[in-house]
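Each reported figure results from applying straightforward, stated rules to the coordinates on display, with no laboratory input. All values reported here derive from a predicted model rather than from experimental measurement. FYI the Cβ positions are ideal-geometry reconstructions off the backbone, even for glycines, and counts take in every protein chain you see.
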Amino acid sequence: MAAPIPFNRPHRTGREATYVAEALASDHWRGDGPFTRRAAALLAARLGDLPVLLTTSCTHALELAALLLDVGPGDEVIVPAFTFVSTASAFALRGARVVFADVDAATLNLDPAAAAAKLTPRTKAVACVHYAGVACDLDALGGLGVPLIEDNAHGLFGRWRDRPLGTFGALATQSFHDTKNLGCGEGGALVLGDRGLVERAEILREKGTNRARFFRGQVDKYTWVDVGSSFLPADLLAAVLAAQLEDADAIQAARHAVWARYHAELAPWAARHGVQQPHLPAGAAHPAHIYWLRVRDLATRTRLLAHLAERGVGATFHYQPLHLSEVGVRAGGKPGDCPVTEQAADTLVRLPLYADLTGADVDRVIAAVAGFTP
Ligand SMILES: Cc1ncc(COP(=O)(O)O)c(C=O)c1O
């Protein structure tokens with residue numbers, strides 16, 4: 001059999017090693033050095049020139065967002081039930097109650113009506129995820145009357161009405177984990193849509209000190225001024241990220257080519273068998289982050305994954321409902337609370353999608369899927 005096709009592979013631009021060697025040769029291995037500034041500037045240029053702070057992960061960027069909004073005991077934060085743990089745990093860590101709302105059946109994004117139904121006087125913020133990088137209904141979510149945090153882990157380079165995702169919320173977070181379109185191993189960023197939060201964000205990210213102001217010559221010594229932690233990545237990792245950001249257009253073009261082939265060439269099979277393909281609302285431009293299919297039920301999904309594995313295709317499922325996780329159940333979550341999430345968790349399959357998939361690999365994935373009878 002031909003070599004297995006993994007679900008994901010990080011792309012090498014060829015310059016990561018050079019930049020890391022440059023960073024190693026310098027005496028600036030720690031955070032906030034030349035490569036951090038380069039990567040942050042490249043990222044900001046993609047995000048409407050909003051202020052951007054690199055972090056050690058998207059999870060840490062979410063935790064920084066929770067600190068910045070003073071989320072604490074007695075507060076509630078509304079999050080989609082269909083998301084990665086960090087979208088919720090960042091707020092639970094601050095002692096807030098996480099309130100799960102269901103997602104929209106077409107996009108798997110936070111359903112604005114479901115979120116609105118969970119609003120109370122204690123609601124401190126709403127966190128949304130642009131699932132697969134397809135925009136949420138940002139008009140509706142932005143109009144809920146509480147700060148919106150975009151967990152934009154999937155959505156870098158996605159757009160809503162021609163404006164980049166990650167620029168709509170008071171705060172937005174990015175991920176540069178291996179599995180994302182661009183990566184540096186582990187990494188992230190906080191994007192500050194609310195520029196009034198920038199100065200405090202710099203302090204909280206730097207152990208609660210005003211070190212950033214000191215380095216800019218705005219104070220003559222730095223000291224402990226607020227709560228905080230260490231959220232800044234080493235410049236060695238920012239060197240990898242800078243290389244990736246410089247090649248973002250090529251990486252995106254390669255990913256889009258794969259996504260477009262799956263979408264077009266699997267359409268007849270999907271239509272014949274009632275399999276759902278991704279839905280793109282008008283105004284949403286996606287970043288080719290995930291290609292998903294949804295089959296009838298869990299038994300069919302289990303058979304499809306086994307069929308693909310036998311043919312060396314590394315397809316996989318995605319999130320399990322957070323309200324039914326151990327923590328979610330302890331907080332009172334029950335089956336039936338978020339039916340769309342529960343259905344998607346059982347029926348969704350993600351196909352391999354990365355910049356280095358060859359045309360022959362894509363042929364193989366498509367043939368393997370189309371050879372399955374749901
Ligand atoms: C929606 C979402 N939010 C947050 C994260 C966490 O990202 P990181 O691994 O950079 O902390 C992920 C990770 O896959 C994710 O999918």
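Computed from point charges on the beta carbon alone (+1 for Lys and Arg, -1 for Asp and Glu), the dipole magnitude for the chain about its Cα centre is near 180 Debye.
Site pair Leu93 and Ala117 shows an inter-label distance of 3.1 nm when each label is modelled 7 Å from Cα along Cα→Cβ.
The spacing between region 99-124 and region 279-329, judged by their C-alpha centroids, is 21 Å.
Between Ala41 and Ala370, the modelled labels are 4.8 nm apart [label points 7 Å from Cα along Cα→Cβ]. Ordering Arg311, Arg205 from the fewest to the most neighbouring beta carbons within 10 Å gives Arg311, Arg205.
Within 11 Å, Cβ to Cβ, of Ala243, how many net charges do the neighbouring residues add up to if Lys/Arg are +1 and Asp/Glu are -1? Local net charge: -1. Between Arg216 and Ala260, the C-beta separation translates, for a Förster distance of 56 Å, into a calculated FRET efficiency of about 0.80.
Length gained on full extension, Thr358 to Lys334, computed as 0.36 nm times the residue gap minus the Cα-Cα distance: 4.3 nm. Packing order of peptides 173-182, 226-235, highest average first: 173-182, 226-235 (average count of other Cβ atoms within 10 Å over each peptide's residues).
Measuring how big region 16-246 is from its alpha-carbon positions, Rg and Dmax come out at 17.4, 55 Å. Between Val219, Ala248, Ser229, the Cα set farthest toward the positive side of the dipole of region 173-257 (charges on each charged residue's Cβ, about the Cα centre) is that of Val219.
For the residue pairs Lys124/Lys334; Lys124/Lys180; Lys118/Lys334, the alpha carbons lie more than 27 Å apart in Lys124/Lys180.
Remark: the Asp49-His279 segment gains 79.9 nm on full extension, using 0.36 nm per residue and subtracting the alpha carbon distance.
Simple rule: put +1 on each Lys or Arg Cβ and -1 on each Asp or Glu Cβ in the chain, find the dipole, and look at Gly187, Ala345, Ala92; the Cα lying farthest toward the positive end is Ala345. Would any residue of region 218-244 have its amide N under 20 Å from a label point 7 Å out along Cα→Cβ of Arg15? List them or say none. Only 234-244 fall inside the zone, counting backbone N under 20 Å. Residues of region 43-62 with backbone nitrogen within less than 17 Å of a virtual label 7 Å along the Cα-to-Cβ line of Asp249, please, listed as ranges. Backbone N within reach: 43-48. Region 206-263 to region 183-198: how many Å between their Cα centroids? Region 206-263 and region 183-198 have Cα centres separated by 7 Å.
Write down Rg/Rh for region 248-370, rounded to two decimals, with Rg from the C-alpha atoms and Rh from the Kirkwood relation over Cα pairs.
Value, to two decimals: 1.01.
Looking at the P(r) of region 205-282, how many percent of alpha-carbon pairs lie beyond 14 Å? The calculated P(r) of region 205-282 puts 78 percent of pairs beyond 14 Å.
Whole-Hz Karplus values for region 271-278 come out as 5, 5, 10, x, 8, 8, 9, x Hz, taken residue by residue from phi with 6.51 cos²θ - 1.76 cosθ + 1.60 and θ = phi - 60°; glycine and proline positions read x.
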